[in-house]
Amino acid sequence: MRATRTEPASTSRPLTLPALLARRAAKTPDTVAYTHLRNGEEPGEHTTYGALHTAVLARAAALSGRAATTRSAVLMYPNCLEFIRGWLACASTGLMGAPVQVPTRRHAVRRLRTIADDAGTTLVLTTREVRDQVLADFGGLPDLAGLDIVATDDLPGTPRPPGAALPAVALSDTALLQYTSGSTGSPKGVMVTHANFWANARETDDLWPLGDDGTIVSWLPFFHDMGLLLGVVLPLWSGRPAYLMTPEAFIRRPARWLEALSRYGGTHSSAPNFAYDLCARGDAPREELDLSRWRVAINGAEPVRAHTVREFTARFAPHGLDPRAVCPAYGLAENTLKVSGSPGGTEPATLLLDAEELGRGRVVPLPAERAGTAGTTTVTGCGITVGDTRVRIVDPRTRRAAGPGEVGEIWVSGPCVTAGYIGRDEESERTFRARVHGDEAAGPHLRTGDMGFVRDGQLHVTGRLKDLIVIKGRNHYPQDLEHTTESAHPLLRPASTAAFAVDDGRRESVVVVVEGDSRLLRYAGEAEVAAAVRDAVRRDHRVTVDDVVLIRRGTLPKTTSGKVRRRACREQYLAGTLARLGARTEPVPS
């Protein structure tokens, strides 16, 4: 399973992204670097390293004048090769690129402007087609006023004149402003340096070697940290080909992802847990699959569900998928991406735990025969760290190291930890330069805001610190209540619920918001669904749900990467603005 690692030509010393591209273009100019899959299926546009380098230099020369007047640029591209050219052109001129989703609704235009203002720029780079469409749809909105929207595929196609040098770019320079998804607050721009990208790509290849035959297939959006590093940076770092499709092509028909892996011999790919769930439960692929080459299927960006891993591997093992290929992982933008991961060729680690003890912050394993019984919960391991990345489990209140068998906040140190949030010095100091009390000599750490524990060398993530629901002194992780809810009735779907607490001044009340549609109301009814949810949550967690709210499908607040925005959902609940399917249901008497 584990391939022999092939060092890229430049690994004798770290290089900036422009220097790495120049090295690739000099040594392998005719090698195809990236191929875009038209409709997620057939090969469309592709670029070699030589052609990519020439195009990047041309765009960099055209942008060099603007680089003298601004320090950053918003990257408003779809998942296309022009994004790669535009971003690397920015990196070559010293501009910090800030990727955003192409807006299709007014709130996305507002987010674009918020990011541009936070990044201190009016420069927006995109394609000609996207520019014209956005201006046609939203040109009259005040949020677009004053923005300089430039189509990089319209820029002059010749490199800089002889003797005209581009600015020198250092490893410590910021190559990207990765704006956080906003699941727990307003978006913040994470300053990712060239050195951060180099370190994270190297550690990723240490953990999941691409080898001489590695091939990357990705549908993840480039404006998300996992899509950018694994779909753009890692192919450039390793010199291995990447086949790229749009997220829309995947969402319309998830089996396209698996068909592309089969058709192009994909060895490495990644996705959040919900994508594996969609494939496991979705329609059959249109063609016979051969997934025998797929040796690293990274599952990250949201809680990894043990049942999803089992269902996915069971369905596709007959198509050659090795069950050991699924690699649960943990990462975040503030660490560039990867923190830990399960090495390929090993079974994902799972632990059956006493749910009540876990709620008290203690890790108490249970025998396997207790699986599926009340008072138990299963936690999937997110693997090990490699290289110089280190993880500490720390009590978030005392900032002292947690003891063995205790849950605490995950703190991270190492070369992948980024430089902080742009323009937020105080918050950066609190988040990126925390020190463990009693062990200050260990140096600064990144506070992730995620809770977890380490057992047998494996990191296990239990949930977000800010999302904890505390009832009668016990901690409950909302994703556990959400999973129980989604399994409570056959007409409920995965990734369609949000659980949170509301304090009315006397006590904490538990609210569960559930997406539904007319079919659910027609065949089940709101009262039946609400009763099923309450019964299941009471049985599995000994928690009384005070309100079950059914809302219209597609209206649950989520981030651009698909994570549930529980705080935003809670705010809408309190404001009475959720798109309800029916009226409030009264709790069933205990």
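Just to be sure I understand the filter: pairs with C-beta atoms under 8 Å, separated by 6 or more residues or on different chains, first member in the stretch 523-541 and part of a loop (DSSP other than H, G, I, E, B), second member surrounded by fewer than 21 Cβ atoms within 10 Å (Cβ to Cβ). Which pairs pass?
Listed by first residue and then by second, the contacts come to Ala524/His489; Ala524/Leu491.
Kindly establish whether Trp219 is aromatic (Phe, Trp, Tyr), modelled with pLDDT of 95 or more, under 17 Å from Tyr77 (Cβ atoms) and buried (at least 24 other Cβ atoms within 10 Å of the Cβ).
Answer is yes for this residue.
Could you grab me the full set of residues in the stretch 59-103 that are touching a helix residue (DSSP H, G or I) at 6+ places or on another chain (Cβ under 8 Å) and β-branched (Val, Ile, Thr)?
Within the stretch 59-103, Val74, Ile84, Thr93, Val100, Val102 qualify.
Among the listed residues Phe316, Phe312, identify the single one that is aromatic (Phe, Trp, Tyr), surrounded by 21 or more Cβ atoms within 10 Å (Cβ to Cβ), more than 22 Å from Pro221 (Cβ to Cβ) and touching a helix residue (DSSP H, G or I) at 6+ places or on another chain (Cβ under 8 Å).
Phe316
The values are calculated or read from the model by the stated rules, or taken from the named source; none is laboratory data. For clarity, every value in this text was computed on a predicted model and none was experimentally measured. Methodologically, a virtual Cβ is constructed for each residue, glycine included, from the backbone with ideal geometry; neighbour enumeration extends over all protein chains shown.
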